[in-house]
Amino acid sequence: MSSNDIKDGSKKTVGFIVNPIAGMGGAVGLKGTDGKDILEKAVTLGAKPIAPARAETFLSELKRLDEGIRLIVGAGWMGEIEAKNHNFGYKVIGEQKKDTQPEDTVAAAKIITTESVDLLIFCGGDGTARDVLNGVDMQLPVLGVPTGVKMHSGVFAVDPRAAARITSKFLRKQLPLWEAEVMDIDEEAFRHGKVSGRLHGYLLSPYEPRFIQGAKMASPMTENELRNQAAIAIYIIETMNDEVVYVISAGTTTRTMGDLLDEKKTLLGVDIFVNKKIVAKDVNEKQILEVIGDKPAKIVVTPIGGQGFIFGRGNQQISPEVIKKVGKDNVIVIATGNKMKNLKRLKVDTGDPELDAEFTGTIKVITDYKMKQTVPIE
């Protein structure tokens, strides 16, 4: 327990759990870090922890909004270190471990349910949300700070700062609760281009529609949708420059580009095209940077249905370093008209707040052959 831990009953108490390995598989193209073998492979490929930094972004913003909060935190890198760095009053639960496992998150969540907290915050992805569900069920409100690779659940804020704003408003009794879906997908199937999702249950969560990312929605494969995808793909292909490296993100619309070029595009990964041919498939951040080198490049992305993210969800291989190297003006966003009907705005959550701020404003989205729509980004 820290020296400045407080016993003032008037102060709000928040549970805080960090999954320190969450998100490490993203930039290296592993589509998750569930399992010891995958984590070891991620480290071998040069993966770096991202959850601690995003946890600290959340705490920094929370401290700015409301200093009258104490924390019940997981030991070591599961929350204690981040809380200490931001001078919160806190109580530590559990024992510090060098290597954490899902059962450590479950155990911490169970203990927190006995600590009379007002809200439990966790930093992780869908796997961590599932672990929290196993420890908490519907016993107390929960909010996720997005730090993973897979984030299909409805319990996540759009980014760490938004999570802090939701927390502050909820503790002031300004927000209602709703039952948020906890979804997860089979990572092994995902790595082979198949989405096998499952609803694991529901968590009570503060509801603030502007700052909650919502669950992912699949695009309906109607005849009109397929024609729209083909029209967009044809337009992009016609405008491709043979001297430019094209970093093509995941999605059914981007896959259509590969089909029309007779190139087998990875559905759930990032591929690189040069001279309208795939030169590297299912690449990670390092490979993207190596292929680009000093050449001109463009990034083609499509927003996630129902969420609107163009960066930071499912395409972490296109990292802040990649985006900066390519340049914001060389980002091409494509989406069918049907998808855009359900998206009032787009979102960016690269993990680099300054880069995210550069995207604030509007962006052109190609929605059909030679047709563009101006869409706000927040």
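The values are calculated or read from the model by the stated rules, or taken from the named source; none is laboratory data. If you're wondering where the values come from, they're calculated on a predicted model, not measured in any experiment. Because the Cβ atoms are built from the backbone with ideal geometry, glycine has one as well, and the counts that use them run over all protein chains shown.
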Would you say ALA109 is out of contact with any strand residue (DSSP E or B) (no Cβ under 6 Å at 6 or more places or on another chain), in a helix (DSSP H, G or I) and of a type in the set (A, V, I, L, M)?
yes
Got at least one residue in the range 238-256 being among the polar types (S, T, N, Q), under 16 Å from the mean Cα position of the chain (by Cα) and closer than 24 Å to VAL158 by Cβ?
yes
Identify, please: which residue in the range 96-112 is more than 20 Å from LEU140 (Cα to Cα) and surrounded by fewer than 20 Cβ atoms within 10 Å (Cβ to Cβ) and is, among those, nearest to the chain's Cα centre (by Cα)?
GLN101
Kindly indicate whether GLY308 is small (Gly, Ala, Ser) and buried (at least 24 other Cβ atoms within 10 Å of the Cβ).
yes
Can you tell me how many residues within the range 229-271 are touching a strand residue (DSSP E or B) at 6+ places or on another chain (Cβ under 6 Å) and closer than 27 Å to ASN338 by Cα?
11
Looking at the structure I just gave you, is GLU208 touching a Leu at 6+ places or on another chain (Cβ under 7 Å) and either without any contact (Cβ under 8 Å) to a residue 60 or more places away in the chain or under 30 Å from GLY144 (Cα atoms) (or both)?
yes
Do any helices (runs of 4 or more DSSP H) entirely within the range 296-378 hold 2 or more residues that are more than 22 Å from MET151 (Cα to Cα) and more than 19 Å from the chain's Cα centre (by Cα), and if so, which?
320-326, 337-341
For the range 139-171, what are the residues that are touching a residue at least 40 places away in the same chain (Cβ under 8 Å) and charged (D, E, K, R)?
LYS150, ASP159, ARG161, ARG165
Single residue of ASP137, ASP126, ASP118 found to be surrounded by fewer than 19 Cβ atoms within 10 Å (Cβ to Cβ) and touching a Lys or Arg at 6+ places or on another chain (Cβ under 8 Å):
ASP118
Restrict the check to the range 49-62 and report whether at least one residue is farther than 29 Å from GLU285 by Cα, in contact with a helix residue (DSSP H, G or I) (Cβ under 8 Å, 6 or more places away or on another chain) and either of a type in the set (D, E, K, R) or in the same structural domain as ASN19 (by TED's automatic domain parsing) (or both).
yes
Just one of (1) modelled with pLDDT under 95; (2) farther than 19 Å from THR360 by Cβ; (3) crowded, with 21+ Cβ neighbours inside 10 Å trips up GLY337, so point out which.
(3)
Of the listed residues (GLU285, GLU321, GLU290), the one being out of contact with any strand residue (DSSP E or B) (no Cβ under 7 Å at 6 or more places or on another chain), over 27 Å from LEU226 (Cα atoms) and exposed (fewer than 15 other Cβ atoms within 10 Å of the Cβ) is GLU290
Go through (1) closer than 17 Å to ASN19 by Cα; (2) at pLDDT 95 or above; (3) crowded, with 23+ Cβ neighbours inside 10 Å one by one and return the number of the condition LYS150 breaks.
(2)
Mind listing whichever residues of the range 117-148 are farther than 18 Å from TRP178 by Cα and in contact with a Phe, Trp or Tyr (Cβ under 6 Å, 6 or more places away or on another chain)?
THR128, PRO146
Kindly indicate whether any position in the range 325-335 is of a type in the set (D, E, K, R) and over 25 Å from ILE377 (Cβ atoms).
no
